[in-house]
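Before any comments, here is the structure.
Just so it is clear, none of the values below were taken in a lab; they were calculated from the coordinates. What you are looking at is a predicted structure, and each value in this text was computed from that prediction instead of being measured. Every residue, glycine as well, gets a Cβ built from its backbone with ideal geometry; the counts of neighbours run over all protein chains shown.
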Amino acid sequence: MASDGAAPPRPISPAERIDAIDVLRGLALLGVLAINVVTIFRVSIFERFFPQNALASSIDGAVETILMLAVDLKALALFSLLFGAGLAIQFERLANSERRTSLLVRRLAVLLAFGLIHLCLIWNGDILTEYALAGLIVLPFLFGPRWLLAVAALASLGLYLAMQAFPPPGWWPSTAALRQDVAEAHRIYATGGFLDVLAFRLRELPLFVPLHIFIFPRTIGLFLLGAFAWRTGILRNPSHHLLFSIAAACIGLGAALILCHAGGLIAGGRIGALAEPLGTILLALGYGAGIIGIANLERGKRLLGWAAPLGRMAFTNYLAQSLVFGWIFYGYGLGLFGRLGVTEALAIGLAVYAAQVVFSAWWLRRYRYGPVEWLWRTLMYGERQPMLLLKVEAPR
């Protein structure tokens, strides 16, 4: 029970949501989809760590270059920022509830359960498990002052950058192990049945662990930075001048670092190892500030409003993408793994995304939440949440 006669804790209603944040989440989902479909579903993720043969067409080469420079890891960084902001919003909304800590821990525990199911049974590129674990680490910091969030965020991001420049010895699997995995992936993912794919997916998990360990401090740092951004008011009461200034500075500096590193102007040594990861973080911050600024303008709302329903259902859409792409690329479905070029795979991904835009808008005209979002809230609060947008009494 809530104290002092306060209303019991409940999920945020559709009318209380901040559209600009949902828009940013919907656009970030596009970037995540584009990278996932091109680099993980289409081929093995570990192929990117080996010298590549010339792509089948100059178009494929151009598309892949653009994705790697402008999108890769930036969209995921945006998701991390938004998750941290969302956690801070939940923490603030539950301030008057005696159950605040238990509800937030339950929220993250349910996310962890979803993540483990997704990781083991659907797709081992899952990020939900990492987000749940990072959220449990970040949660205690939300009880502290705003400056603590900023200091902890900088410390975590500093650790991440240090790991790029000074990688722990022996942390990465051997080249022979990765090459063997790539060869088996082309055989099993392309032709195997569901049980074959499932068994191989589980065998691959130890190879994914170092990837998550290497990026885990960045995830924590961005969670904290997102929570800090919410606490400062920049997300709920944005100053367009400030947002666009941040966007211009971060995008300019981030793009310069990444392009210089890609062009060999910053290569080798500790500085070269820092240029790309630092540029990625700056670009993500710039993208986020710019999109939030645009989405809060009247013209921007008309231009980007279509992405808000997708962002409100990001959890449902993320899991649906794994199911759809698994069927398209793996042997128990169409078996297109390793058979498509970058452009063809991206075109399929964009078609799926467009279908989700239409479906999300249709669904949210009728229901309060996406299906998975509804289940998440129901399990978090321990009671069935209303689903219909307008409650209609069923005939008896």
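Values as computed for the structure displayed
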quantity: Folded to 0 to 90 degrees: helix 146-165 orientation relative to the chain principal axis, Cα; calculated: 10
quantity: Unit charges at the beta carbon, dipole of the chain: most positive-side option, Phe83, Ala153, His118; calculated: Phe83
quantity: Positive-end extreme of charge dipole, the chain - chosen from Leu104, Leu178, Ala284 (charges on Cβ); calculated: Leu104
quantity: Protection proxy ranking of 94-100, 114-120, 17-23 - average other beta-carbon atoms within 10 Å, highest first; calculated: 17-23, 114-120, 94-100
quantity: The stretch 67-157 shape via C-alpha gyration tensor axes, a/c threshold 1.5; calculated: oblate
quantity: Protection-proxy order for peptides 148-154, 174-180, each taking the mean of Cβ atoms within 10 Å per residue, highest first; calculated: 148-154, 174-180
quantity: Estimated dipole of the stretch 81-236 in Debye, rounded to 20 [Cβ of Lys and Arg +1, of Asp and Glu -1, Cα centre]; calculated: 520
quantity: Prolate/oblate/rounded label for the stretch 112-225 (Cα gyration tensor, a/c 1.5); calculated: oblate
quantity: Highest average packing first - 331-338, 67-74, Cβ atoms within 10 Å; calculated: 67-74, 331-338
quantity: Within the stretch 305-396: Cβ-based charge dipole about Cα centre, in debye rounded to nearest 20 (Lys, Arg +1; Asp, Glu -1); calculated: 340
quantity: On Cα atoms only, tilt of 100-117 relative to the major axis of the chain in degrees; calculated: 30
quantity: Estimated inter-spin distance, Ala355 and Cys260, nm [label 7 Å along Cα→Cβ]; calculated: 4.5
quantity: Using alpha-carbon coordinates, inclination of helix 175-191 to the longest axis of the chain, degrees; calculated: 70
quantity: Cβ charges +1 (Lys, Arg) and -1 (Asp, Glu), total dipole of the chain, debye; calculated: 960
quantity: Anisotropy class of the stretch 284-396 from Cα gyration tensor, a/c 1.5 cut; calculated: oblate
